[in-house]
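**Q** Have a look at this one.
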Amino acid sequence: MSVLRSPLSLAGAALLGGLLLVGALAPVIAPYDPHALAGEALEAPSSRHLLGTDGIGQDLFSRVLWGARTSLTVALGAAGLAMALAVLVGVTAALLGGAADTVAMRVVDVFLALPGLPLLVLVAAMVGANRLTLILLIGVIRWPELARVLRGQTLTLRQRGFVASARGFGGGLGWVLRRHLVPALAPLILAGFITVAGTAVLMEAGLAFLGLSDPTAVSWGGILNRALLQPGLYFTPAWTWWVLPAGFAITLTVLGFTFLAVGLEPALNPRWRRAS
């Protein structure tokens, strides 16, 4: 399909592929342990420290590389959890119909009424936000709206007859869901996954920047948080190698997910396909 070769989708895939590779190979390609004191405080970029060092002498290049590992793990984990819950609730509710559908949608309404970002900040401040906690929180916050979208599309698919035929021939709910509905809903599931993953990167970085994440974890938001706490940093040239690389990494990651989502929109959006 030509849309899969569009400049935007290719650019997004290339950016995300490169970042995933960096995250996976961080233990191999990082020149220093990200927690180790590798030099003097606030050393300028050099051949020994490509991005200089932070306020206690940790190598910033190594920390940026390891930050990709944290951000992408949270992004992919939260997106996977959100889509699993959305499929389980939204698609199953539409298939069962009746009271099950009504109860499921009321549960969705309750979750949609919750203020997602304030709730995320509150829970993170109360219980701490390690990597697993962030995945669970972001996934739980983002699944309800996706469940509604998948439910609506499933109701449309039910009217085409193949679902009723499969059930009439003895196909169970799980079999129909696995063999017919999930493949038919794959474009919407993929679009939702990409959207949630991009949002999760910003949420994880934002919580870390506010100091609400695991202080021992290496993340891009955590790098920015430590820079913010350094007295007088922005009156020296040190902010250019301490702040900019982490901010640039966050921007590139979000742009990668955005480019991929926009580039694949014609293929993933049913309304777009019908209009064309």
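The values are calculated or read from the model by the stated rules, or taken from the named source; none is laboratory data. Just so we're clear, the structure is a prediction, and the values are computed from it rather than from any experiment. We place every Cβ from the backbone using ideal geometry, glycine too, and count neighbours over all the protein chains shown.
**Q** Return the total of residues in the range 201-215 being over 17 Å from the mean Cα position of the chain (by Cα) and touching a residue at least 24 places away in the same chain (Cβ under 8 Å).
**A** Residues in the range 201-215 being over 17 Å from the mean Cα position of the chain (by Cα) and touching a residue at least 24 places away in the same chain (Cβ under 8 Å): 3 in total.
**Q** Another question about this same structure. Taking the criterion of being in contact with a helix residue (DSSP H, G or I) (Cβ under 8 Å, 6 or more places away or on another chain), modelled with pLDDT of 90 or more, closer than 25 Å to Glu43 by Cβ and not aliphatic (A, V, I, L, M), would at least one residue in the range 186-208 satisfy it?
**A** Scanning the range 186-208 turns up no residue that is in contact with a helix residue (DSSP H, G or I) (Cβ under 8 Å, 6 or more places away or on another chain), modelled with pLDDT of 90 or more, closer than 25 Å to Glu43 by Cβ and not aliphatic (A, V, I, L, M).
**Q** Looking at the range 13-29, is at least one residue of a type outside the set (S, T, N, Q), within 27 Å of Thr216 (Cβ to Cβ) and over 23 Å from the mean Cα position of the chain (by Cα)?
**A** Yes, because at least one residue in the range 13-29 is of a type outside the set (S, T, N, Q), within 27 Å of Thr216 (Cβ to Cβ) and over 23 Å from the mean Cα position of the chain (by Cα).
**Q** From the set of residues in the range 41-61 that are within 31 Å of the chain's Cα centre (by Cα) and among the hydrophobic types (A, V, I, L, M, F, W, C), which is nearest to Ile29 (Cα to Cα)?
**A** Of everything passing the filter in the range 41-61, Phe61 is nearest to Ile29 (Cα to Cα).
**Q** Another question about this same structure. Scan the range 104-113 and give yes if some residue there is in contact with a Pro (Cβ under 9 Å, 6 or more places away or on another chain) and basic (Lys, Arg), otherwise no.
**A** First pass over the range 104-113, keeping only residues in contact with a Pro (Cβ under 9 Å, 6 or more places away or on another chain): 107-112.
So of that shortlist, the ones also basic (Lys, Arg) come out as none.
No, every residue in the range 104-113 fails to be in contact with a Pro (Cβ under 9 Å, 6 or more places away or on another chain) and basic (Lys, Arg).
**Q** Here's a follow-up. For Ala124, indicate whether it is hydrophobic (A, V, I, L, M, F, W, C), in a loop (DSSP other than H, G, I, E, B) and more than 15 Å from the chain's Cα centre (by Cα). Show your work before the answer.
**A** Working: hydrophobic (A, V, I, L, M, F, W, C): yes; in a loop (DSSP other than H, G, I, E, B): no; more than 15 Å from the chain's Cα centre (by Cα): yes.
So Ala124 fails the test.
**Q** If you take the residues of the range 251-269 that are among the hydroxyl-bearing types (Ser, Thr, Tyr) and within 18 Å of Thr70 (Cα to Cα), which of them is surrounded by the fewest Cβ atoms within 10 Å (Cβ to Cβ)? Before the answer, list the steps.
**A** So in the range 251-269, the residues among the hydroxyl-bearing types (Ser, Thr, Tyr) come out as 251, 253, 258.
Imposing the further condition that a residue be within 18 Å of Thr70 (Cα to Cα) reduces the set to 251, 253.
Working: Thr251: 12, Thr253: 25.
Once the filter is applied, the top-ranked residue is Thr251.
**Q** When the residues of the range 233-250 are narrowed to those that are among the β-branched types (Val, Ile, Thr) and out of contact with any helix residue (DSSP H, G or I) (no Cβ under 6 Å at 6 or more places or on another chain), which ends up surrounded by the most Cβ atoms within 10 Å (Cβ to Cβ)? Walk me through it before giving the result.
**A** Restricting attention to the range 233-250, the residues satisfying the condition of being among the β-branched types (Val, Ile, Thr) are 236, 240, 243, 250.
Imposing the further condition that a residue be out of contact with any helix residue (DSSP H, G or I) (no Cβ under 6 Å at 6 or more places or on another chain) reduces the set to 236, 240.
Values: Thr236: 11, Thr240: 14.
Checking each candidate, the answer is Thr240.
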